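Presented below is the structure to which this report refers.
Please treat every number below as a calculation from the coordinates, not as lab data. Predicted model, so just to flag it, every value in this text is computed and none were measured. Because the Cβ atoms are built from the backbone with ideal geometry, glycine has one as well, and the counts that use them run over all protein chains shown.
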Amino acid sequence: MLRALITRLAQTLLVLFGISAMVFGVFFATPGMDPTARIAGRGASPQVMETIRKEYGFDRSLPIQYAIMMKKLFISRDLASYANRGERVVPEILRAAPVTASLVCGAAFIWVMTSLLAGTLAAATKGRMVDRIIMALGMVGISIPVFWLGEVMNMLTQSRYHDRWWFAWVPPPGYVPLTQNPWGWFLSLVIPWCVLALAFTGIYSRVLRGDLIALSHEDFIRTARAKGLSPTRIMLRHSLRMALIGYTALFGMDFAQLVGGGALMTEVVFGLPGVGHLTYQALSNMDLPLIMATVMYSATFVVIANTLVDALHMALDPRIRPNR
Amino acid sequence: MPGLMKTSSTRSERLASSGPWKTALTGLARDHTARLAGLGLLLIVLACLMAPFYAAHIAHTDPFSANVAGSIVLDGQEIDLMQPDDNPLHLGLSPIGPTWHTRYLLGADSQGRDIAARLLYGGRNSLLIASSSAALCLALATLIGVAAGFLGGVADAVLSRLMDIMWAVPVYLFAICLSIVTITTGLHLGPLTLEGNSLLVPVMIIALVYVPYAARPIRARVMGLKSAEFVTAARCLGVPRWRIVLLDILPNITDTLVVLGPLVMNMALLTESALSFLSIGVQAPASSWGTMIQDGEGLIYTRPMVAMAPGLAIAAVVLCLNILGDSFRDCLDPRSTSREP
């Protein structure tokens, strides 16, 4: 067990190194572009260019440039943004992280609850009208582009039906910190939560239904049925429990991607200053230090979450534990 | 009698080896929803192919040039394309809304261009990018999946780690990173030089970011085939490895590719529209459904149709592809249960 964990940790570090090298390569070693000029911005004086070149070691070899970048990011943590001069990158990410976390946690709560209910219901009424309707709705949910849905919801709630009672409560787009005004925080996030959760609800209910139905052919379910257990009990205590193993794995991956900045489109459409939004801004300004930092942040999340999911998997399912 | 025996045996052989395409099409013939989806997709593709005809002979407009000062005749009345805003707070002009006539069927965008005609032209780019990036992605993924699965050992370890690394970055972030770099500087890879506004840029980027997604199941499939009896038999007979890959492995992963095809094309279409919406996908003067949604963003409160129409088009295509993909999977993957009765 310990050995498996250590191997896993080494792999994690390797993947993190690979990602940082890849991102570094994309932005600093692309042929035909000078990172110094990028960082300094248009019309920078030769003195400024010289300082930057010295500070980041652009006059030295690529591995050294990479090492300097990593040192500034992780050890001295004084990597500064170049779009907003003097703004430290690490605190900037730490300020954006709660926004993304609020958005993603709320949406995850909605989609997990809805999909557990819808998936189980569909599997229980397999082939009947309820099942067909749930599956068709899920399919439609998967097919709608999230940013477009956000725009349409903005249009409906901010303008078209804003004077009606059912959307009058929607505050203008933007983020209200939880610590300032919990109720305002909740109201400002309800629509983004639903928009982000829709596609995931569709995917998860369909996956859960498929797993539950596949399990119904398993021997242990047949045994449970032969013992005379009620269908409800079999579904909830035997099938669902087993299906949740795959479900948690899927959830871990998606959740990590979203917290790491994958909710970018939703954040941009609703003007939420989260990590995805920050990354997008960094990319539009070609703010290289900030890009480096945000991508590393998101990759770290995904990789750590993968490791956690694997550990959770081993805890939930004895069959995949390494043999002693 | 011997002749009769022979014909019956060849017939049964033929039945047993009906390929994945045939299986998928047979399934399509039985599945009403999937047939409807296929028909819908076909109609959308045909409509987009007819774009120049529609623009020239039905709508009588040039969907690529601004027409801000223009006017049209509706029910005997001449109406300006740009009308004073009906909202007293906005001082300005907003384009004409849907006329439901042949000219400006769905209204005009902020530059006075016919939305319906632009929708068809945009669809050409969107569908072209989605399908060609899906094809490119599957080709790359097959290359990597077969190499990793068949060679095993070091090659497998390196390629699988590489896929892990690529998949650890959220797909959209990865695509956006690559787009911004290529659009600002263009792409210069040896003999290959691409301008930043070439349609090939989004195609290559989208294909690249989904390679890990497709390569994993292909690798798993190849590893399963590698230990299959007929591959072992071929190896024992001394058949060279490239021949085994070409004649035994590749034909047998076609079903995986048929199942993955619609899924990857879907994700490609959604990614393309998201990138174009952020104005780092398809670059002007070319347009796609994503750029149209971006054009409509500023008008969303006054003329929602500008952004609604392309969004609905995307959703319709993705829905059809999803249904088709499900149907293919049900026919080809015996373990699939997505629509088990």
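Figures for the structure shown
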| read-out | value |
| --- | --- |
| Relative packing of B:250-258, A:224-232, which averages over residues the other C-beta atoms within 10 Å, highest first | B:250-258, A:224-232 |
| Label-point separation, B:D62 to A:L14 (7 Å along Cα→Cβ), nm | 5.9 |
| 10 Å Cβ neighbours from other chains, averaged over peptide B:36-45 | 0 |
| Scattering curve values for chain A, log₁₀ I(q)/I(0), Debye with Cα scatterers, q = 0.16 Å⁻¹ | -1.30 |
| Most to least packed among A:299-307, B:114-122 [average Cβ atoms within 10 Å] | B:114-122, A:299-307 |
| Hydrodynamic radius (Kirkwood) for the stretch A:103-167, which is based on Cα pairs only, to one decimal in Å | 13.9 |
| Approximate spin-label separation B:A220-B:R30, in nm, with each point projected 7 Å along Cα-to-Cβ | 2.4 |
| Span-rule helices in chain A, defined as complete DSSP H runs reaching 30 Å or more along the axis (Cα) with Kyte mean at least 0.0 | A:2-28, A:89-124, A:182-215, A:288-316 |
| FRET efficiency, 1/(1 + (r/R0)^6) with R0 25 Å, evaluated for B:A155 and B:S227 via beta carbons | 0.90 |
| Residue-averaged [θ]222 nm for the protein assembly as shown, counting only DSSP H segments that reach four residues, each worth -39500 (n - 2.57) | -21500 deg cm²/dmol |
| FRET efficiency for B:Y301 and B:H101, using Cβ-Cβ distance with R0 set to 22 Å, rounded to 0.05 | 0.35 |
| Ascending count of other beta-carbon atoms within 10 Å, so fewest first, for A:S102, B:S160, A:S115 | B:S160, A:S102, A:S115 |
| Protection proxy ranking of B:314-327, A:61-74 - average other beta-carbon atoms within 10 Å, highest first | B:314-327, A:61-74 |
| Cross-link reach list, lysines versus A:K72, counting only Cα pairs under 23 Å and skipping chain neighbours closer than eight places | A:K54 |
| At 0.692 mPa s and 37 °C, Stokes diffusion of the protein assembly as shown via Kirkwood alpha-carbon radius, µm² per second | 119 |
| Stretchable slack from A:M253 to A:C105, in nm (0.36 nm times residue separation minus alpha-carbon distance) | 51.9 nm |
| Neighbouring partner chain Cβ atoms per residue of B:289-302, average, 10 Å criterion | 3 |
| Given charges at beta-carbon only (K, R positive; D, E negative), |dipole| of chain A in Debye | 1100 |
| Exercise: per-residue mean of other protein chain Cβ atoms within 10 Å, A:149-157 | 4 |
| Computed label-point distance, nm, for sites A:E50 and A:L229 using a 7 Å Cα→Cβ extension | 7.8 |
